[in-house]
Amino acid sequence: MAHEHDVGFLESVAHQIRTLIIDTAHTAGAGHTGGSLSEVEILTALYFSFLNVDPECPDWNERDRFILSKGHASLGYYVTLALKGYFPTDNLKTFDREDSTLQAHPDMHKCKGVDYSTGSLGQGLSIGVGIALGGLKKNQQFKTVVLLGDGECQEGQVWEAAMFAGSKHIPKLIAIVDYNKVQLSNKVDENLSLEPFAIKWEAFGWNVLSADGHNIADLLSVLSRASALSARGPVVIIANTIKGKGVSFMEGKYEWHGKAPNDQEYTAAKKELGSK
Ligand SMILES: Cc1ncc(C[n+]2csc(CCOP(=O)(O)OP(=O)(O)O)c2C)c(N)n1
Ligand SMILES: [Mg+2]
């Protein structure tokens, strides 16, 4: 079930998630660290306040749906699901192993709490549109939330899904873009700029909100506005974030897109996080 927690509590959850992301990446020697660190507060606000979900009943038919369209950032997702109670945090030690339920990209058939398998960028919004439409046709009340990367928004399929949802005024559908300005090997603007981003979504028929993606109080208030607005049609939240947020030498660096810290980097990262 959704819970209203105070911001201080949620910030401590976010800090725990960030620390466990670093631990898990270091243990596995793998993972998309940068994009996992940028989504921490978004996932915290969603799973520990906004989403109506129950880890005891992961398949409950009326649960809110969540799709991590930027599936490569599974590290952050798995840590959040573990802390929420879907599976023991000890399982995180198996991340990215061949026999693990926690594959590099989320697998809905292996990992409890994962509503849809992702990893091939560009697909999540289409899936979310389909799920939201299904709920609408069955007169169900659940919300569907899709988290996209900004580099991912260069994919044509994102805009086909956006055009469809906007044109059909699909309700209870909320997209969030983790706008960290960095993709795999360069900055989004240097590669293929999304701007004017908000105007594009508006032109596709969406209500557009923006948030400081690292400020829990702001995220909660924007999510609540998004929820109200989504009664009439789809809403996108452009969440301004920093790739690698929380570890100074990872912040804003594409070099940390798909890299795990070595022993020395791990010690330095933990020192920084511990002192916060
Ligand atoms: C269709 C597809 N093309 C390429 C990739 C490889 N890939 C994985 S992550 C990534 C960059 C994504 O950047 P962004 O969406 O900005 O994610 P974030 O910054 O949040 O990590 C790419 C190109 C992929 N997973 N899927
Ligand atoms: Mg990005």
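Every read-out reported here was derived from the displayed coordinates using simple, explicitly stated rules and does not represent laboratory data. Note that the structure is a prediction, hence the values are computed from the model and not measured. Note that each Cβ is placed from the backbone with ideal geometry, even for glycine, and that neighbours are counted across all protein chains shown.
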Between segment 255-274 and segment 81-127, the Cα center-to-center distance that results, in Å: 22 Å
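How much FRET efficiency would the formula 1/(1 + (r/R0)^6) give for Ser224 and Lys93, where r is the Cβ-Cβ distance and R0 is 41 Å, rounded to 0.05? Don't jump to the answer; show the numbers that get you there.
On the way: r = 36 Å, r/R0 = 0.88.
For Ser224 and Lys93, the calculated efficiency is 0.70.
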Cα point-scatterer Debye curve for the chain, base-10 log of I(q)/I(0) at q = 0.07, 0.15 Å⁻¹: -0.22, -1.08
Where does the chain land at 222 nm, in deg cm²/dmol rounded to the nearest 500, when only DSSP H runs of n ≥ 4 count, each adding -39500 (n - 2.57), divided by all residues? -12000 deg cm²/dmol
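Relative contact order, percent, of the chain when contacts are C-alpha pairs under 8 Å separated by at least 6 residues?
Details: 574 pairs, mean separation 65.2, N = 276.
Answer for the chain is 24 percent.
What number does segment 1-132 give for Rg over Rh if you use C-alpha atoms and the Kirkwood radius?
Numbers: Rg = 13.8 Å, Rh = 14.7 Å.
Rg/Rh: 0.93.
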Ranked highest first by the average count of other Cβ atoms within 10 Å around their residues, in what order do 70-81, 136-147, 14-25 fall? 70-81, 14-25, 136-147
Ratio of segment 49-194's C-alpha Rg to 2.2 N^0.38 Å, to two decimals? 1.07
Taking θ as phi - 60°, what are the ³J(HN,Hα) couplings along segment 66-74 by the Karplus curve (6.51, -1.76, 1.60), each to the nearest whole Hz, with x for Gly and Pro? 10, 10, 7, 5, 7, x, 5, 8, 5
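Would you please give the FRET efficiency between Ser185 and Lys270, computed as 1/(1 + (r/R0)^6) with r the Cβ-Cβ distance and R0 = 22 Å, to the nearest 0.05?
0.25
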The relative contact order of segment 133-202, taking Cα pairs under 8 Å that sit 6 or more residues apart, comes to a percentage of 40 percent
Under-5 Å amide H pairs with Ser210, H placed in peptide plane, nonlocal only: Ile238
Past 22 Å, Cα to Cα, is the threshold; run Lys110/Lys138; Lys110/Lys187; Lys70/Lys245; Lys70/Lys259 against it and keep the listed order. Lys110/Lys138; Lys110/Lys187
Would you kindly calculate the translational diffusion coefficient of segment 130-276, applying Stokes-Einstein with the Kirkwood radius from alpha carbon pairs, for 10 °C and a viscosity of 1.306 mPa s, and quote it in µm² s⁻¹ without decimals? 95 µm²/s
